[in-house]
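Read through the structure below, which is laid out as structure tokens, and then see the notes.
The values are calculated or read from the model by the stated rules, or taken from the named source; none is laboratory data. Here the structure is a predicted model, which is why all the values come from computation and not from measurement. Glycine gets a Cβ as well: all are built from the backbone with ideal geometry, and neighbour counts include every protein chain shown. Heads up: the accessible areas ignore ligands, DNA and RNA and are worked out on the full protein's heavy atoms, side chains in. Shrake-Rupley method; radii C 1.70, N 1.55, O 1.52, S 1.80 Å.
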Amino acid sequence: MAVVSLWGEELKLKAFLLAAGHGMRLRPLTNKIPKCLLPIRGVPMLQIWLETCSHFGIDEVLINIHAHAPAVHEFLLKHPHGRKVQVVEEKELLGSAGTLLKNREWIGPEDCFWVFYADVLNRVDFSAMLRMHQARRPAATIGAYHVPDPSRCGILDTIEDGTVVDFVEKPDRPRGNLAFSGLLLGTQTLLDAIPLKQPADLGFDVLPRLVGKMVAYPISTYLLDIGTMENYEIAQSTWPGLNGHKER
């Protein structure tokens with residue numbers, strides 16, 4: 001599937017797939033296997049992500065790994081999409097933003113790129129999200145969805161046209177429940193906003209700096225953060241599969 005820009009040219013954006021977390025809340029499952037290889041109805045999440053990227057014409061992926069790195073390398077050697085993946089093993093965790101900055105040369109001068117949190121199970125129409133980004137040309141387009149537990153998330157506030165006018169990571173007193181999904185389109189402006197420290201986090205250190213320069217892409221399709229044992233178990237009974245990424 002080729003993604004075509006507003007100007008009729010074929011786009012092949014690169015994507016960061018952030019997968020270096022320890023998966024502490026999913027123990028004991030993650031004692032011997034990385035979170036990105038945990039199966040959802042028999043299919044590893046990393047395989048789901050690589051098939052998603054292939055479907056949307058994303059043919060270059062950089063995945064950062066930390067815990068159980070040999071298992072990820074072994075999986076990618078066997079997976080048909082493995083040749084499209086550049087693996088970066090982080091001996092010391094750099095944080096979600098630190099990984100982007102450390103590997104900025106991989107992006108090069110390209111105007112925009114994807115950032116995906118590998119533990120976000122979803123059926124988002126990334127072609128539609130890209131079209132919105134191209135039409136608005138913000139510093140970042142961030143996927144946003146409503147959550148029942150906003151104190152655990154990055155919470156944003158928007159005005160009528162979707163411009164993000166406030167962003168607070170894990171607020172003590174949330175002003176709403178519209179949350180950052182862990183899916184975004186970034187730009188060189190976003191990279192410029194990353195502080196020179198390690199680790200650096202998108203939610204705490206970068207997105208609040210871009211208030212007024214970002215737009216929210218509303219997500220109403222299937223999306224589940226596989227960060228807790230409860231959500232992992234929910235996914236086993238609710239995940240509908242990719243099914244050509246048709247909207248539900």
*Can you name every residue in the range 127-137 that is touching a Gly at 6+ places or on another chain (Cβ under 9 Å) and buried (at least 16 other Cβ atoms within 10 Å of the Cβ)?*
Ser127, Met129, Met132
*asked:* With the structure loaded, tell me whether Phe75 is among the aromatic types (Phe, Trp, Tyr) and without any contact (Cβ under 8 Å) to a residue 40 or more places away in the chain or whether it fails that test.
replied: yes
*Total residues in the range 51-64, condition in a helix (DSSP H, G or I) and open to solvent by 10 Å² or more (accessible area, probe 1.4 Å)*: 3
*Of all residues in the range 143-173, which are of a type in the set (Val, Ile, Thr), closer than 20 Å to Gly227 by Cα and in contact with a Gly (Cβ under 9 Å, 6 or more places away or on another chain)?*
Ile155, Val168
*Looking at the range 120-130, is at least one residue among the charged types (D, E, K, R), under 26 Å from Asn231 (Cβ atoms), at pLDDT 95 or above and out of contact with any helix residue (DSSP H, G or I) (no Cβ under 6 Å at 6 or more places or on another chain)?*
yes
_Can you report the number of residues in the range 142-177 which are over 24 Å from Phe113 (Cβ atoms) and either under 16 Å from the mean Cα position of the chain (by Cα) or open to solvent by less than 40 Å² (accessible area, probe 1.4 Å) (or both)?_
5
*Test each condition in (1) farther than 29 Å from Thr238 by Cβ; (2) buried (at least 20 other Cβ atoms within 10 Å of the Cβ); (3) not basic (Lys, Arg) for Trp114 and report the one that comes out false.*
(1)
*Of all residues in the range 88-110, which are crowded, with 17+ Cβ neighbours inside 10 Å and part of a helix (DSSP H, G or I)?*
Gly95, Ser96, Ala97, Gly98, Thr99, Leu100, Leu101, Lys102, Ile107
*Filter result (among the acidic types (Asp, Glu) and at pLDDT below 90) within the range 7-53*: Glu9, Glu10
